[in-house]
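**Q** Before anything else, here's the structure in question.
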Amino acid sequence: MARDAARGRLLTAGAGLLATGGVLFTVRKFVLSRDGQVTDRYAKAIEQLGSEKLDVRIGGICALERVARDSATDHPAVMEMLAAFIREHSHEQRPPPGPSGRARERSLRPDVQAALTVVGRRLTERDIEPIDLTRADLTGASLGGARLTAANLDGSYLTGAELTKAGLANAVLARADLRAAKLVRADLTGANLSGARLTGANLTGANLTSADLADADLADADLTRADLTRAELTGARWPIGGPVPVGWKRHTGSGQLIPAGTGAETAQANQPHG
């Protein structure tokens, strides 16, 4: 009897191990199947990006967003692909002249705007590297509330872009063209805006704490209630008639800002940004 009982326990344990092994095999098969489906979806979406039809390209962009949300592993590759798409095609946005031969207002291609929207609302906690939009032309783009923290926008064109409440903390916007851009209540904490063209930009309520605005052109910009705590303003062209921040003064020759403790007669300010 004891022998039969022991044999029964062994058989039961063996059956349990087989059942567990079967479950693990099923789970592994499911995971591999799902991974294969994600790979197929990714490949198809990339193929759609190269289509000559606008609606197909936008469909591919939407498909890539779904892949990025379904797979944390594929998220970085998807965002890198979309950023490359934006950099490559954002310069093809100027519409042809109208019937009268006059140039029409520049606008962003719908598929580039769609890609930009996806990048702006991505799950940032899945990022491995900053979004690279170096020298992209985003003139007239809509980026209200977009999350572009630490993004590289060095030398980008964002003339007239809508960036209200955008998250741009620590973003690289050096030499970027932000003329007439709407940056109302944008988070630009620690952002590099050195040499940026911000003429006529609306920076009302923007957080520019510790931002680098050296040599930036802020002529006619609206800085009402903007937080400039610890901001670097050496050489910045300040709005005429606007109150100069505490600790700074205008250079008598160039009109650019210099630290208040520097003698105006001997200070060497850079030439105004052109």
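The values are calculated or read from the model by the stated rules, or taken from the named source; none is laboratory data. Keep in mind that this is a model prediction, so the values were computed, not measured. Virtual Cβ from ideal backbone geometry, glycine too; neighbours counted across all protein chains shown. Please note that ligands, DNA and RNA were not included when accessible areas were found on the heavy atoms of the full protein model with its side chains. Shrake-Rupley method; radii C 1.70, N 1.55, O 1.52, S 1.80 Å.
**Q** Quick check on my filter: what residues within the range 172-202 are in contact with a Gly (Cβ under 7 Å, 6 or more places away or on another chain), open to solvent by 10 Å² or more (accessible area, probe 1.4 Å) and assigned to a loop (DSSP other than H, G, I, E, B)?
**A** ARG175, ARG179, ALA180, VAL184, ARG185
**Q** Please go through the range 58-88 and give me each residue that is under 19 Å from ALA136 (Cα atoms) and either in contact with a strand residue (DSSP E or B) (Cβ under 7 Å, 6 or more places away or on another chain) or charged (D, E, K, R) (or both), ordered by number.
**A** The answer is GLU80, ALA83, ARG87, GLU88.
**Q** Is there any pair linking a residue in the range 182-193 that is touching a residue at least 12 places away in the same chain (Cβ under 8 Å) to one that is β-branched (Val, Ile, Thr) and outside any loop (DSSP other than H, G, I, E, B), with Cβ under 7 Å and at least six apart or on different chains, and which?
**A** Once the first residue is touching a residue at least 12 places away in the same chain (Cβ under 8 Å) and sits in the range 182-193, its partners that are β-branched (Val, Ile, Thr) and outside any loop (DSSP other than H, G, I, E, B) give ASN192/VAL172.
**Q** So how many residues does the range 152-176 have that are touching a Leu at 6+ places or on another chain (Cβ under 8 Å) and more than 15 Å from ASP212 (Cα to Cα)?
**A** 10
**Q** A further question follows. Taking the range 59-73 on its own, how many of its residues are open to solvent by 50 Å² or more (accessible area, probe 1.4 Å) and in contact with a helix residue (DSSP H, G or I) (Cβ under 6 Å, 6 or more places away or on another chain)?
**A** The total comes to 1.
**Q** Out of the range 136-158, which residues are in contact with a Ser or Thr (Cβ under 6 Å, 6 or more places away or on another chain) and open to solvent by 40 Å² or more (accessible area, probe 1.4 Å)?
**A** Once the filter is applied, which keeps residues that are in contact with a Ser or Thr (Cβ under 6 Å, 6 or more places away or on another chain) and open to solvent by 40 Å² or more (accessible area, probe 1.4 Å), the range 136-158 yields GLY140, GLY144, ARG147, ASN152, TYR157.
**Q** Moving on. Can you list residue pairs whose Cβ atoms sit under 7 Å apart, with the first residue in the range 64-82 being over 14 Å from GLY120 (Cα atoms) and of a type in the set (Asp, Glu) and the second being at pLDDT 95 or above and open to solvent by 70 Å² or more (accessible area, probe 1.4 Å)? Count only pairs 6 or more apart in sequence or on different chains.
**A** From residues that are over 14 Å from GLY120 (Cα atoms) and of a type in the set (Asp, Glu), there are no pairs.
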